1. Quick check for you: with a 1.4 Å probe and neighbouring chains kept, what is the accessible area per residue of the chain, in Å²?
2. Which residue, I156, I174, I12, has the most motion in a Gaussian network model of the chain that connects Cα atoms within less than 10 Å?
3. Where is the GNM fluctuation largest for the chain (alpha-carbon springs, 10 angstrom cutoff): K133, K154, K48?
4. Between Rg and the Kirkwood Rh of the chain, both from Cα atoms, what is the Rg to Rh ratio?
5. Can you give me the solvent accessible area of H122 with a 1.4 Å probe, rounded to the nearest 10 Å²?
6. Students sometimes get this wrong: rank F150, F40 by accessible area, probe 1.4 Å, all chains present, largest first.
7. How large is ³J(HN,Hα) for each residue in the range 173-181, as worked out from phi by the Karplus curve 6.51 cos²θ - 1.76 cosθ + 1.60 (θ = phi - 60°), to whole Hz, x for Gly and Pro?
8. With a 1.4 Å probe and all protein chains in place, put E118, E123, E7 in order of accessible area, largest first.
Amino acid sequence: MKRNLPEIEQNIASRRETDKIMWFSMWVILSVASFGIAWFPMIYYSIKRRNSHFSRQEKLEALILNKLRNNPEKITSDTSKTKLLPPRDAGAWTLATLLIVPGFYLFYSLKRDLQKHEEHEHEFLAEVFAYAKNTGVTLNIQSYGTTPSFPRNKYIVLSAATFGLAATYWLYRIFNDYNYHFKMQWIIEDELLRFLKELDKKAS
């Protein structure tokens, strides 16, 4: 039963490197001070942290589900039906922001990717909850945050009406939504780790 636990702990510990908190105000100041040069590392690191977090989370879910499924008490729920999101090429998409249309598409995609990622995460947690019911060990995850939606039509109209200035607001939302998601995710991961350790104690 204790198999995989060290790998799970190592994965969770690695979030200090993968789940970077980025402060929008700091990057705005850097962009102004550098006459726009800081724009490119800002976009690059935004995409990179998206890729790093999604990749780490995918591995963590696989480790946790593999551990639970190999337990004598089997899970009865189905496997997640949403697709895992592939990484985005940080370098190519950063350069693409030099063009207006690809740039706005990137901002919209970063927001949409996070929502799809959370849908997949909700299915993963539903499966874990289904298992927890049969273990006698409490799993104290009251709720998990969902990134507020921003309709595509509203995004397009707002962008056109402001002659592209809506990109600033869009980036602000992206920064804060990812930051909030990471912080909520850390709370959930800590509780999942506690739950798994309790299971190991019970099985020993």
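1. Details: 11260 Å² over 204 residues.
About 55 Å² of surface per residue is accessible.
2. Among I156, I174, I12, the largest mean-square fluctuation in the Gaussian network model of the chain belongs to I156.
3. Of K133, K154, K48, the Gaussian network model singles out K154 as fluctuating most.
4. Numbers: Rg = 19.4 Å, Rh = 18.7 Å.
Ratio of gyration radius to Kirkwood radius for the chain: 1.04.
5. For H122, the solvent-accessible surface is approximately 40 Å².
6. Details: F150 20, F40 70 Å².
Final ranking, largest accessible area leading: F40, F150.
7. Taking θ as phi minus 60°, the curve returns 5, 4, 4, 5, 5, 5, 4, 5, 4 Hz for the range 173-181.
8. Details: E118 5, E123 60, E7 95 Å².
In descending accessible area the options line up as E7, E123, E118.
The values are calculated or read from the model by the stated rules, or taken from the named source; none is laboratory data. Because the structure is a prediction, the values reported are computed rather than measured. Cβ sites come from the backbone with ideal geometry, for glycine too, and all protein chains shown count toward neighbours. With ligands, DNA and RNA removed, areas are computed over all heavy atoms of the protein, side chains included. Shrake-Rupley method; radii C 1.70, N 1.55, O 1.52, S 1.80 Å.
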